[in-house]
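**Q** Below you will find the structure I want to go over with you.
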Amino acid sequence: MRKYLFSLFFLFCCACALCAEKTESWKIADGAVYSSVSRPEEPYEIRVIRIARNNPDLAVDMVMAKDSLRGLESVAEAAMRMEKKGRQVIAGVNGDFYFMSNHEKVGLPLGPSVSNGKLYTSGSTKGAFYIADDGIPRIGTLTFEGFVESQGKRIALRFFNWEDSSRNARSVRQPDQKRGNAVTLFSSDWKWKIPYSGVRVRLDLPFSGTSCVRTGVVTGPFRPDESVSGDPREAVLVGTGSRQSEILALTGKVRISFGFAECTRPIRTSLGSWEVLLRNGVILPKDNPKAPRHPRTMIGFNRNEIFFVTVDGRQEGWSKGMRSFDQALLMRELGCTDACNIDGGGSTTAWVRGMCVNRPSDGRMRRNANATLISTRRKLPPLDRPLLPPVSRNP
């Protein structure tokens, strides 16, 4: 009987050990810690990168793939490219949602995209994680707004480097300039043909920053399926719906001004977010047991730290992925007061000190439109022990 009870106790201890949460942490730079969290009972595989907000040597940057609107690059490729430029990248995760390879505008992010103070696109979704020149992280909406002024008339701008029709995507949306009622400003960073008519403008100076005022001269018509030249002093204005005739009537001198409604300060970095998970410690998504589970990438913060978190998914026996409500619970558990969801799925990637430390559901790191990188100005300290690669529980 005693032997039988001992055997049961031993089996119970083994079961508890298999189901126990395991957390390992590494200091990856001054003010930066990486943690690997395994929760076999779910199962969840969670990767957490946390950095001190008050450390001036640490920087968070959204990096456009190949420094272009038209490009794809994995987090590892983006990190290595930045390191060749002299940056010491300590960690990174993926970035915003974007048009994938089934779309003719492959690589175009869907949200407000600012890298190193440069506005690449206003996107069509307004949710964003961003950091202005005051260094304070924020999660909220960024509404692009601006005006074109000429000969006493003032025309509102709605988009910057954005055009969502597609003639060869799975879900085809044919260009129709009669639809909509918006004016879009295109810069030399726009790398695709524009299917609408408009006017070309010669600027006095290239666009700079996220709040900008420029004067210029209309130099002539812009015809459908032409491209913006590579000259940084050229811009194109296009109007849809009732705005088309207003733009086509522009002549002579024009004044162009734009910025974001919610932040008048210069924005240093920004990437689009899909859903706000936490605001002032309050969980926003509703608990829906039937909601789908996916690999996830999240950004959050509190008064002292910024968090970059991934959860693997779509891998039976390894990690099943999370619902929005689960994400919010996790971010609050980690200590965040505010948090948002960015691109996930096959894009979910955690990169730490030269290693992919999670298991992307594609089986490899996906090439994305942008990446979120953390770098330091200081010399990197040696790791106290090697990072653990993501090893399956059932080899």
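The values are calculated or read from the model by the stated rules, or taken from the named source; none is laboratory data. Since the structure is predicted, the reported quantities are computational estimates derived from the model, not experimental observations. Because the Cβ atoms are built from the backbone with ideal geometry, glycine has one as well, and the counts that use them run over all protein chains shown. Ligands, DNA and RNA are excluded from the accessible area calculation, which covers all protein heavy atoms including side chains. Shrake-Rupley method; radii C 1.70, N 1.55, O 1.52, S 1.80 Å.
**Q** What figure in square angstrom, to the nearest 10, would you give for the accessible area of Arg223 with a 1.4 Å probe?
**A** Using a 1.4 Å probe on the heavy atoms, I get roughly 130 Å².
**Q** Given N residues in the range 118-244, what is Rg(Cα) / (2.2 N^0.38 Å)?
**A** After normalising by residue count via 2.2 N^0.38 Å, the value is 1.10.
**Q** Using the crude model of +1 on Lys and Arg Cβ and -1 on Asp and Glu Cβ, and no other charge, please compute the dipole size for the range 252-395 relative to its Cα centre, in debye to 20.
**A** Charge dipole, the range 252-395, about its Cα centre: 480 debye, nearest 20.
**Q** I'd like the carbon and sulfur percentage of the solvent accessible area for the chain, probe radius 1.4 Å, heavy atoms only, ligands and nucleic acids excluded.
**A** Carbon-and-sulfur percentage of accessible area, whole number: 53.
**Q** I would also like to ask the following. Once a ≥ b ≥ c are taken as the square roots of the eigenvalues of the Cα gyration tensor of the range 48-151, is the result rounded (a/c under 1.5), prolate (a/b larger than b/c) or oblate (a/b not larger than b/c)?
**A** Since a/c reaches 1.5 but b/c is at least a/b, the shape of the range 48-151 is classed as oblate.
**Q** A further question follows. Near Lys84, which lysines are there with a Cα under 24 Å away, not counting those fewer than 8 places off in the same chain?
**A** Answer for Lys84, where 24 Å is the Cα cut-off: Lys27, Lys66, Lys118, Lys379, listed by chain and number.
**Q** Sticking with this structure for a sec: Residues of the chain: accessible area per residue at 1.4 Å, in Å²?
**A** On a per-residue basis, 46 Å².
**Q** Can you compute the label reach from Asn116? Point 7 Å from Cα along the Cβ direction, backbone N cut-off under 16 Å, restricted to the range 350-390.
**A** 370-377
**Q** Sorted by packing (mean other beta-carbon atoms within 10 Å per residue), highest first, where do 193-200, 91-98, 377-384 land?
**A** 91-98, 193-200, 377-384
**Q** Would you kindly work out the equivalent ellipsoid of the range 253-368 from its C-alpha gyration tensor and give its semi-axes, the square roots of five times the eigenvalues, largest first in whole Å?
**A** Largest first, the range 253-368 gives 28, 19, 15 Å.
**Q** On a full-extension model of 0.36 nm per residue, what is the gain between Lys22 and Asp225, subtracting their alpha-carbon distance, rounded to one decimal in nm?
**A** Contour length minus Cα-Cα distance gives 67.5 nm.
**Q** Shape call for the range 91-154 from the C-alpha gyration tensor, a ≥ b ≥ c root eigenvalues: rounded (a/c under 1.5), prolate (a/b greater than b/c) or oblate?
**A** oblate
**Q** Using a ≥ b ≥ c from the Cα gyration tensor of the range 221-306 (square roots of the eigenvalues), is it rounded, prolate or oblate, where a/c under 1.5 gives rounded and otherwise the larger of a/b and b/c decides, a/b for prolate?
**A** Judged from the Cα gyration tensor, the range 221-306 comes out prolate (a/c at least 1.5, a/b above b/c).
**Q** Please give the Cα centre distance for the range 103-140 versus the range 339-367, rounded to the nearest Å.
**A** The distance from the Cα centre of the range 103-140 to that of the range 339-367 comes to 19 Å.
**Q** Moving on. Under the definition of Cα pairs under 8 Å and six or more residues apart, what whole-number percent is the relative contact order of the range 173-319?
**A** Taking the mean separation of contacting Cα pairs over the length of the range 173-319, I get 22 percent.
**Q** May I ask for the distance between the Cα centers of the range 147-170 and the range 313-333, given as a whole number of Å?
**A** Taking the Cα centre of each part, the range 147-170 and the range 313-333 sit 38 Å apart.
**Q** Calculate, in nm to one decimal, what Met80 and Asp384 gain on full extension: separation in residues at 0.36 nm each, minus their alpha carbon distance.
**A** 107.2 nm
**Q** Under 24 Å Cα-Cα from Lys290, which lysines qualify once same-chain neighbours fewer than 8 residues away are excluded?
**A** Lys320
**Q** Placing +1 at every Lys and Arg Cβ and -1 at every Asp and Glu Cβ, with all other atoms neutral, what dipole size does the chain have around its Cα centre, in debye to the nearest 20?
**A** For this selection, approximately 240 debye.
**Q** Return the Cα extents of the chain along principal axes one, two and three, sorted largest first, each rounded to a whole Å.
**A** So the extents along the principal axes, rounded to whole Å, are 98, 45, 36.
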